[in-house]
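Only the coordinates and a few stated rules stand behind these numbers; no lab work does. Because the structure is predicted, anything quoted here is derived from the model rather than measured. With ideal geometry, Cβ positions are generated from the backbone for all residues, glycine too; neighbour counts draw on all protein chains shown.
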Amino acid sequence: MDSEERPMKMRKLEHAEETEAAVAESSAPAAGEIEAQNNSTPVTQSIPTAAEENADANATPKTAVNGDDAAPKLSKNQLKKQRRHERWESGREDRKIKRKEKIKAKKERRRAEWEEHRAEGSTSQPPPTRPPRRGDPSGVQVPITVLFDCNFEEYMHDHELKSLGLQITRSYSDNRKAPYRFHLGISSWGGKMKERFDGVLAKQYTSWKGFQFCEEDFVKTSEMSKEWMKGPKGGRIAGALEKNQPSEAAEEEGEVVYLSSESDNTLDRLKPNSTYIIGGLVDKNRHKGLCYKRALDRGIKTAKLPIGEFLQMDSRKVLVTNHVLEIMLKWVEHDDWGKAFIEVLPKRKGGVLKTEEDGGLQDGEEEEEEEDEGNSGDEAEVPAASTGENGKQPRGERAEQPSQNNQSEIKQAQ
């Protein structure tokens, strides 16, 4: 077999060499043509190599990138988000039309139902299609101001700025519905957040009541807040503020406190005519202690909520802005930090009151202990029988339980 294969391989190589030579002869120009080309026009350009072609291809993007009008290069995830956002914005009008059609269909359906009730002889008035709009909120205005320091735009991504805007909107809603309301405000108002509130949210914030939007920083805005708490619209001392009001002073002098979890001071209670600043920073704890350092640099007093004194938490003690405000509102309502934490903090935080976590006894447990202490020591201990999956006791453990006659004898002995 070896002797037969070797000549075949040689024949293939010879055939390939012959074809290459034929192609070279056919493609090569004649000698006269070469001389004519040399005499007519000199050859000034050479055939570019692959490396030169790549260099020329890369030269254009470099100039575009270095130019002022060049767009930044986006990743695949950013391109997907941008396209999804464009599709959402392009369908805004269609969604608006669908909402109107849905509301119109609902009204027609309610009208048809009401006509049926009238045909049956009902004389009652139809229920209103929407709840009546309230002018002023029903809660009590108290002389306390909460400011959101929104001068951290450079430390946050776009989705984090969006989350902060939602938290501030939620804070306004919680404060408006609370039985005791605070004065609210934003310092360093502007930038991308203002653009979002003006564009996507259609300037709805301009109709917010009891909420001030200030371009000044938190120090100047805190000085301005003192005027908000004066006069007839400044509010009155009520709720927990009234219970904790010192007897020797009818009107306590307020203070300015920057709330930070890194502070060594603990906020025992809220004081009337005071301003409490919450850092508007959503960064997943990337920049630790940033709010605390900023307050120290400006000479502002700092304090933290007494979470560690009342709760045992599985997660970190850093809270979002609307949770901090809601906890303060709940304290004014209940005069109890523990109850405020439990009502506001989500269950995923794993917060448990320290009295319960330390094994504090409930009322029923105390009664059981008193009954055990009243029993005589001569009685034999009866072990608690375990139950099966169907709620019944296993046969082997049923025999260990005393009979009804023995139980009645034990009761008589007691």
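Below are the figures for this structure:
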item	result
Normalised contact order of the stretch 140-304, rounded percent, pairs of Cα under 8 Å and 6 or more residues apart	33 percent
Order of 149, 314 under a 10 Å beta carbon neighbour criterion, fewest first	314, 149
Label-point gap, in nm, between residue 253 and residue 200 - each point 7 angstrom along Cα→Cβ	4.5 nm
For residue 258, distant residues with modelled amide H under 5 Å away	277, 301, 302, 303
Links that overshoot a 29 Å alpha carbon limit, given the list 233/284; 230/304; 220/304; 243/288	233/284; 243/288
Ranked list, fewest to most other Cβ atoms within 10 Å of each Cβ, for 302, 355	355, 302
Centroid-to-centroid separation of the stretch 207-223 and the stretch 329-350 [C-alpha atoms, Å]	27 Å
